[in-house]
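The values are calculated or read from the model by the stated rules, or taken from the named source; none is laboratory data. Since we're looking at a predicted model, the values are computed, not measured. Cβ atoms come from the backbone with ideal geometry, glycine included; neighbour counts cover every protein chain shown. Accessible surface is based on the protein model in full, side chains and every heavy atom, while ligands, DNA and RNA are left aside. Shrake-Rupley method; radii C 1.70, N 1.55, O 1.52, S 1.80 Å.
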Amino acid sequence: MAQLDTSPSDVLEGCNPSWISFSCSGDFNPSEVGYRKLEAAQLALVTETRITAIIDNTKLHNGYCFARRLDNLSP
């Protein structure tokens, strides 16, 4: 999971505030893909760059919306 500057609950109904899930458990995508999304979020944190996330509010992990796609943005 990752905490975002813009809360998913401000954009989509049914999402818990601040956090998104990558489904590293393998429920909504292969676990390897979930871990790659986590690594992309960690890269953004370490390099102090931004990400974009496509969020799905129909797939939830304990109320947290699933990040269908995550992209790192260049500085």
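What accessible area per residue, rounded to a whole number of Å², is obtained for the chain using a probe radius of 1.4 Å?
65 Å²
Check which residues have an amide H placed less than 5 Å from Cys65's amide H, if you skip close sequence neighbours.
Hits under the 5 Å cutoff: Asn16, Ser21.
Any idea what diffusion coefficient the chain gets from Stokes-Einstein, in µm²/s, Kirkwood Rh on alpha carbon pairs, 20 °C, 1.002 mPa s?
Estimated diffusion coefficient is 176 µm²/s.
Enumerate by residue number the GluC sites (Glu not before Pro) in segment 19-75 meeting two conditions: DSSP loop (anything except H, G, I, E, B), and at most 10 other Cβ atoms within 10 Å of the site's Cβ.
Listed in order of number, the matching sites are Glu48.
I need the phi-derived Karplus couplings for segment 11-17: 6.51 cos²θ - 1.76 cosθ + 1.60, θ = phi - 60°, integer Hz, Gly and Pro marked x.
Taking θ as phi minus 60°, the curve returns 9, 10, 6, x, 8, 6, x Hz for segment 11-17.
Over the chain, what percent of the accessible surface lies on carbon and sulfur atoms, probe 1.4 Å?
Accessible surface attributable to carbon and sulfur in the chain totals 50 percent.
What nm value, rounded to one decimal, do you get for the distance between Ser25 and Ser74 when each label is placed 7 Å out toward the C-beta?
Spacing of the two 7 Å Cα→Cβ label points: 3.8 nm.
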